[in-house]
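Here, each number is a calculation from the coordinates, and none is a lab measurement. Quantities reported herein were computed from a predicted structural model and do not represent experimental measurements. Cβ coordinates were reconstructed from backbone atoms using ideal geometry, including for glycine residues, and neighbour counts include every protein chain displayed.
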Amino acid sequence: MTDTDAPVVPAASGPDPDWWRQATVYQVYPRSFADTDGDGLGNVAGVTEKVPYLAALGVDAVWLSPFYPSELADGGYDVADYRDVDPRLGTLEDFDAMVAAAHAAGLKVIVDIVPNHTSDQHVWFQEALAAGPGSAARARYVFRDGLGEDGATPPSTWQSNFGGSAWTRLTLPDGTPEQWYLHLFAPEQPDLDWSNPEVREDFHTTLRFWSDRGVDGFRVDVAHGLAKDLVEPLRDANPKDFGLPVDGSDPLYDRDEVHEIFEGWRRVFDEYDPPRTAVAEAWVARERVSLYARPTELGQAFNFELTRAPWDADAFRTIIESNLLLAAESGASSTWVLSNHDVVRHPSRYGLPDGADGGEADTDAWLLSGGTDPELDRDRWLRRARAATLLMLALPGSAYLYQGEELGLHEVAELRVEDLQDPVWTRSSHQRKGRDGSRVPLPWTPEAPAYGFSSTTAHLPQPAWFADVAASVQDGDPGSTLTFYRTALDARHRLQQGEELDWVDAGDPQVVHVARHEGWHSVTNFGTADVALPAGTVLVASGPLAEGVDGAARLPGETTVWLDPRG
Ligand code: NOJ
């Protein structure tokens, strides 16, 4: 890999080093966002083209999932070169133009960084294959001899997150079996060995490469996986379904040594003015998430609890309360996520049967049924989703939005199995359809062939119902989800001050009433029957209000309102 002399593009962050604390961040999945060159695959220029749309939506920052050269074994999370743009998505010049356009519109830019594993096409892995056992090239990865007399048994029982063993055995061109290598995800994603100083140094170079190009922050993939206990004999890891221990004792995830790596990253971020920001993807026990968010490390960590929460007042209360406390302890601000490229979109999750918690077991079964069992009541579940979104946007901290949620998109559960791209489908022996249903290219207009996404057919099939929910159809419609998001984000900007949250006793367990300050209250009715609307001026509502027999406005079920109780 060579480091090029990147032009220094100043960040638009201005003098405020705390811009991220309460930002609204919009996640772009680049291959499915907008295609300007007619190959059916979204590209970097597509993001540039949509900067005015994002600015008008009212978000503060855009986070790009990987756009790097990749064989797409895992939707771009298999990176072949960390310091370039996939030629199918554009060039570094296109990237610079995108950053310049975003900054000119007042938007920050966050890029995804994937440090746990490279692609098997990465020059390092190719060198490791050629160099053979015991070489320095292999020491960048985790190669081991197999167990048993003929070495045919994998070096440990570790399982891939996508299903099957986390080890793959190499075979020489003449068919002779060789060493095994570790991959916590697909076989095309070999894990790096982070105890190797060369690996650490190279990622510092990558962080500087993008920071020098004006990037404002980083989203850190599998942050909890970098440090591993590789002392032999390799110990069994905790079964995925039981959650991780809280004492850092799992050999693969959330080990205490990982924090030293991120202290090194912080030193790189602080070379810049304003310092570059970061958010950790760390699927660890609740009380350990905030360790990654310490100001001496990444500064912020994803709180994914709302992506697994049922539509339930108590569940939301507990999640909000505990995560605000934990964020305060670490000196970070909390983060909130309802949807992203790894989970079923939240309107569809809210349609699962009562008792389902939105976890993988429930969503996998529903996806396997092609979205027919249960059948979605699209309007009702969208109503809940809008109410959840408005509550989320009232909370102190950063809200991460996923492309298309502002259009009220449901999961595309009807994808045919022959169209699936996610490695989860094959690695799970066809037991899990995976994540493609949230990654279908966006509908911008109702027209063929790709609803404004591309001038040709999109790389994942788009359903016919996209015509009804396209951005252009919703634009200007006062009742549309797009208008609702624009209104809510605009109000959030105007109302936001301080990072406090007070709980107001609504006297009804189904009602969650919180106050950011005296002029900004948020009230959510999780029940189905309408309830009295607290006194005040309604600032934003997630849906139409109801009317009581006395003609007074009431708060319907499955609805959130923001109120100014003073007038
Ligand atoms: C988390 C990413 O969000 C997901 O899409 C990816 O498959 C894994 N990390 C592996 O990189």
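Of the residues ILE320, ILE261, the one with the fewest other Cβ atoms within 10 Å heads the list, and the complete ranking is ILE261, ILE320. Checking every one of the chymotrypsin sites (Phe, Trp or Tyr not before Pro) in region 477-567 against DSSP loop status and a limit of 12 other Cβ atoms within 10 Å picks out no site at all. When Rg and the Kirkwood Rh are both derived from Cα coordinates, the Rg/Rh ratio for region 192-305 amounts to 0.99. Principal semi-axes of the equivalent ellipsoid, √(5λ) from the alpha carbon gyration tensor of region 27-167, are 38, 15, 13 Å from largest down.
Would you pull out the residues with amide H under 5 Å of GLN159's amide H, same chain only if 5 or more places away, H placed 1.01 Å from N? Result for GLN159 returns ALA166. 3J(HN,Hα) along region 171-187: 10, 5, x, 7, x, 6, x, 10, 6, 10, 10, 8, 8, 6, 10, 6, x Hz, from the Karplus curve 6.51 cos²θ - 1.76 cosθ + 1.60 with θ = phi - 60°, whole Hz, x for Gly and Pro. Over the chain, the hull volume per residue, using the convex hull of the C-alpha atoms, is 150 Å³.
Report, please, the projected area of region 347-462 averaged over directions, based on the convex hull of its C-alpha atoms, in nm². Provide the component values of the computation, followed by the final result.
Working: hull surface 33.5 nm².
Across all orientations, region 347-462 yields a mean hull projection of 8.4 nm².
Based on Cα atoms of region 236-361, Rg over Rh with Rh as the Kirkwood radius reads 1.00. Based on the alpha-carbon gyration tensor of region 361-408 and its eigenvalue square roots a ≥ b ≥ c, which shape applies: rounded if a/c is under 1.5, prolate if not and a/b is larger than b/c, or oblate? Verdict is prolate for region 361-408. The radius of gyration of the Cα set in region 115-223, together with its Dmax, comes out at 15.4, 54 angstrom. Less than 5 angstrom separates the built amide H of ALA278 from those of PHE218, GLN300, all sequence-distant by 5 or more or on a different chain.
Can you sort GLU257, GLU499, GLU375 from fewest to most other Cβ atoms within 10 Å of each residue's own Cβ? Could you put the intermediate results ahead of the total?
On the way: GLU257 13, GLU499 16, GLU375 9.
Neighbour counts put them in this order, fewest first: GLU375, GLU257, GLU499.
For LYS240, the lysines whose Cα comes closer than 26 Å to its Cα, not counting residues fewer than 8 places off in the same chain, are LYS228, LYS433.
Order these by the 10 Å Cβ neighbour count, fewest first: ASP120, ASP247, ASP229.
Details: ASP120 23, ASP247 10, ASP229 15.
The order, fewest Cβ neighbours first, is ASP247, ASP229, ASP120.
Each residue of region 84-93 is assigned a 3J(HN,Hα), and the resulting list reads 7, 9, 4, x, 5, 9, x, 10, 5, 5 Hz, derived from the Karplus form 6.51 cos²θ - 1.76 cosθ + 1.60 (θ = phi - 60°), x at Gly and Pro.
Phi-derived couplings, Karplus 6.51 cos²θ - 1.76 cosθ + 1.60 at θ = phi - 60°, listed residue by residue for region 384-389: 4, 4, 5, 5, 5, 4 Hz, with x used for Gly and Pro. Under 5 Å between amide hydrogens, built in the peptide plane, is the criterion, and for LYS433 it picks out LEU368 among residues at least 5 positions away or on other chains. Protection proxy ranking, highest mean first, for peptides 154-164, 338-348: 338-348, 154-164, where packing is the per-residue count of other beta-carbon atoms within 10 Å, averaged.
Electrostatic tally near PRO509: other residues with Cβ closer than 13 Å to its Cβ, Lys and Arg +1, Asp and Glu -1, net -3. Between the Cα long axis of helix 258-269 and the first principal axis of the chain there is an angle of about 70°, rounded to the nearest 10.
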